[in-house]
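The values are calculated or read from the model by the stated rules, or taken from the named source; none is laboratory data. Note that the structure is a prediction, hence the values are computed from the model and not measured. Here the Cβ positions follow ideal geometry from the backbone for every residue, glycine too, while neighbour counts run over all protein chains shown.
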Amino acid sequence: MASWFDVAGFGFQEFSAGGVRTFAIVEGRASGFPLVLLHSVPGASFVWSTTINAVGRSRRVIAPDFPGWGRSHNRTMPQKFALSREGLRKWLSEVVNAQQCEKLDIVGLGDGAWLAVDYLLMEPARVRRLGLLNLPLKYRLATKRFLPWSKTDWDKRKLGKWLEDKSGLSEINRQLVKPMFGELLAGGWHAERSPEFPSNAFHAEMSSYRDGLRKFDGEVFLGWGANAVGYDEKLAAEFAQGREIVLWHDAANFPMWEQPERFTTEMTEFLGL
């Protein structure tokens, strides 16, 4: 059976970033303004397939697989890669540099949104637009009960159970994306753990993130699925600091699949397409 990627027909590149052989969908016009898309965990670049189809031919879209997820792994000499905050920051910085992006728009989903904010704090002058989707805010509840980065390892059984019980997808959508999730661990090497966000630093980091967002004079898109893990109306308003919030009432963790038409319209408008 052909993989989702082969069927989609997306262009791609493979290069070294953070010491990991990194796979990234690279679509659209080479001269187009770069758009970097960061997926959630568990997940890979396939999370953005509908978005890439909507915008990828008019922009230069770069959607990398996180180290240890999808097709980003060292095939010949497997190595341990600590998916720490520092490790992921370094990796993303090298991804952007490898793609020769002087300035860019960046959109992150779930814990990929944390990484997008991290990049803004590292390189504020390089970011033109910032999209934060389902940014997890209810940290303690999320890490104790739901968020997959609290688990130390993944296997096919755990991934299937997460998709069934925690993804928030309808039965129809679960069946549509199940083959995609089924390929996540097919590479033969997997990172030891998912991104960790230490609880003793969480509140301090939230404060620094809000400061960074307040100082950022570019366009910001803030969106949450009403049923997403980590969403809280009060915390979202505090984080937004007066900015508009888009709420997908009929969506949870994957609004691009649960409310595709509205999501695509709002994202293309935000990206100036």
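Per-structure values
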quantity: Contacts under 8 angstrom Cβ, first residue in region 98-121 being within 20 Å of Phe15 (Cα to Cα) and without any contact (Cβ under 8 Å) to a residue 40 or more places away in the chain, partner of a type in the set (Gly, Ala, Ser) and surrounded by 19 or more Cβ atoms within 10 Å (Cβ to Cβ), 6 or more apart; calculated: none
quantity: Where Gly11 falls short, out of the listed (1) farther than 21 Å from Ser93 by Cβ; (2) modelled with pLDDT of 90 or more; calculated: (2)
quantity: Count of residues meeting criterion [in contact (Cβ under 8 Å) with a residue 12 or more places away in the chain and within 22 Å of Val127 (Cα to Cα)] in region 237-262; calculated: 7
quantity: Close pairs (7 angstrom Cβ cut-off, 6 or more residues apart or separate chains): under 10 Å from Phe239 (Cα atoms) in region 205-219, of a type outside the set (Phe, Trp, Tyr) and surrounded by 16 or more Cβ atoms within 10 Å (Cβ to Cβ) anywhere; calculated: Tyr209/Val117; Leu213/Val220
quantity: Top-ranked residue in region 220-234 [being in contact (Cβ under 8 Å) with a residue 24 or more places away in the chain and not in a strand (DSSP E or B); ranked as surrounded by the most Cβ atoms within 10 Å (Cβ to Cβ)]; calculated: Ala228
quantity: Residue within region 126-133 that is among the small types (Gly, Ala, Ser), buried (at least 19 other Cβ atoms within 10 Å of the Cβ) and at pLDDT 90 or above present; calculated: yes
quantity: Unmet requirement for Gln79, which otherwise passes all of (1) in contact with a strand residue (DSSP E or B) (Cβ under 8 Å, 6 or more places away or on another chain); (2) modelled with pLDDT of 85 or more; (3) farther than 29 Å from Leu176 by Cα; calculated: (2)
quantity: Residue ID - surrounded by the most Cβ atoms within 10 Å (Cβ to Cβ), chosen from residues in region 175-213 that are modelled with pLDDT under 75 and assigned to a helix (DSSP H, G or I); calculated: Phe202
quantity: From Gly70, Gly56, residue being modelled with pLDDT under 80, in contact with a strand residue (DSSP E or B) (Cβ under 8 Å, 6 or more places away or on another chain) and buried (at least 23 other Cβ atoms within 10 Å of the Cβ); calculated: Gly56
quantity: Test: Ala252 is small (Gly, Ala, Ser), part of a helix (DSSP H, G or I) and under 14 Å from Pro136 (Cα atoms); calculated: no
quantity: Qualifying residue in region 255-266 (condition: loosely packed, with under 15 Cβ neighbours inside 10 Å, β-branched (Val, Ile, Thr) and part of a strand (DSSP E or B)); calculated: no
quantity: Residues (assigned to a loop (DSSP other than H, G, I, E, B), of a type outside the set (D, E, K, R) and closer than 19 Å to Glu205 by Cβ) located in region 94-143; calculated: Gly110, Asn134, Leu135, Pro136, Leu137
